[in-house]
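J.: Sharing a structure below in structure tokens format, with a few things to ask.
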Amino acid sequence: MPGTRITIRRAVSEDVEAIASVLSESPEISWSESQVREEIDGKGRLALVGCCHGMLVGFCFVRALDETAELLLIAIRSQVRRRGYASEIAKQIAVELKGIGVREVFLEVRKSNEGAIQFYRELGYIQVDVRRKYYRNPVDDAILLKLPLTDCQRDDRGLD
């Protein structure tokens with residue numbers, strides 16, 4: 001499966017069960033089925049899924065308001081992690097958001113989650129703030145990251 005590209009599309013209500021299955025593989029993420037449905041159907045929300053060989057392998061949830069957006073979650077099935085699927089989904093998020101006039105995407109990540117921080121930096125996100133003791137169980141700082149989606153940004157990371 002390495003090198004296999006995924007097909008990325010907007011999530012629909014029929015994807016809720018498959019998204020819940022992906023979420024079940026990440027016990028640190030606690031989203032209910034109703035929260036998933038709200039992210040798919042809610043106003044100002046963008047939910048994308050990535051499929052490979054007919055199987056939903058990952059998804060993302062984003063909330064957009066005017067020229068800014070917040071990336072809430074990207075999750076990939078455990079058996080296909082580290083194959084570039086999250087990067088493909090993240091790049092498509094940036095393209096779609098730029099297409100609707102979003103100029104900046106924000107997200108927060110646990111300071112202890114060095115792998116995620118590196119992942120987002122490779123996509124062009126930059127650190128803009130730290131929220132001390134933001135997370136609980138365990139207590140951890142939140143690193144606030146931003147991806148500019150302007151035409152004059154330094155390079156095209158995050159934009160295909």
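J.: Identify the residue in region 47-84 that is under 17 Å from Ile117 (Cα atoms) and over 11 Å from the mean Cα position of the chain (by Cα) and, among all such residues, is surrounded by the fewest Cβ atoms within 10 Å (Cβ to Cβ). Explain how you work it out, then say what you get.
T.: Here is the first cut: in region 47-84, the ones under 17 Å from Ile117 (Cα atoms) are 60, 70-76, 81-82, 84.
Narrowing further to those that are over 11 Å from the mean Cα position of the chain (by Cα): 81-82, 84.
Numbers: Arg81: 14, Arg82: 9, Gly84: 16.
Going through the qualifying residues, I end up with Arg82.
J.: Could you please find all residues in region 134-160 being among the basic types (Lys, Arg), modelled with pLDDT of 75 or more and more than 21 Å from Tyr85 (Cα to Cα)? Break it down into steps so the answer makes sense when it comes.
T.: Within region 134-160, the first condition is being among the basic types (Lys, Arg), and the residues that meet it are 136, 146, 154, 157.
Those left that are additionally modelled with pLDDT of 75 or more: 136, 146.
Arg136, the sole residue that qualifies.
J.: Name the pairs whose Cβ atoms lie under 8 Å apart, with the first residue in region 107-129 and more than 17 Å from Ala94 (Cα to Cα), the second assigned to a helix (DSSP H, G or I) and of a type in the set (Gly, Ala, Ser), and 6 or more positions between them or separate chains?
T.: Val109/Ala116; Arg110/Ala116
J.: Which count do you get for residues in region 18-42 that are of a type outside the set (D, E, K, R) and part of a loop (DSSP other than H, G, I, E, B)?
T.: Initial filter on region 18-42 (of a type outside the set (D, E, K, R)): 18-24, 26-27, 29-32, 34-36, 40, 42.
With the extra rule that they be part of a loop (DSSP other than H, G, I, E, B), the set shrinks to 26-27, 29-32, 42.
Number satisfying all stated conditions: 7.
J.: Filter region 43-71 for residues that are out of contact with any Leu (no Cβ under 8 Å at 6 or more places or on another chain) and outside any loop (DSSP other than H, G, I, E, B) and give the result.
T.: To start, the set of residues in region 43-71 that are out of contact with any Leu (no Cβ under 8 Å at 6 or more places or on another chain) comprises 43, 45, 47-48, 51-58, 65-68.
The answer is Arg45, Ala47, Leu48, Cys51, Cys52, Met55, Leu56, Val57, Gly58, Leu65, Thr68.
J.: Between a first residue in region 71-83 that is closer than 21 Å to Ala94 by Cβ and without any contact (Cβ under 8 Å) to a residue 60 or more places away in the chain and a second residue that is surrounded by fewer than 19 Cβ atoms within 10 Å (Cβ to Cβ) and polar (S, T, N, Q), which pairs have beta carbons less than 8 Å apart while being 6 or more apart in sequence or on different chains?
T.: Between residues of region 71-83 that are closer than 21 Å to Ala94 by Cβ and without any contact (Cβ under 8 Å) to a residue 60 or more places away in the chain and residues that are surrounded by fewer than 19 Cβ atoms within 10 Å (Cβ to Cβ) and polar (S, T, N, Q), the close pairs are Ala75/Ser26.
J.: Then there's this: Which of the residues belonging to region 1-40 are surrounded by fewer than 12 Cβ atoms within 10 Å (Cβ to Cβ) and among the basic types (Lys, Arg)?
T.: Once the filter is applied, which keeps residues that are surrounded by fewer than 12 Cβ atoms within 10 Å (Cβ to Cβ) and among the basic types (Lys, Arg), region 1-40 yields Arg5, Arg10.
The values are calculated or read from the model by the stated rules, or taken from the named source; none is laboratory data. Not measured: the values here are computed from a predicted model. For neighbour counting, all protein chains shown are included, and Cβ atoms are generated from backbone atoms with ideal geometry for every residue, glycine included.
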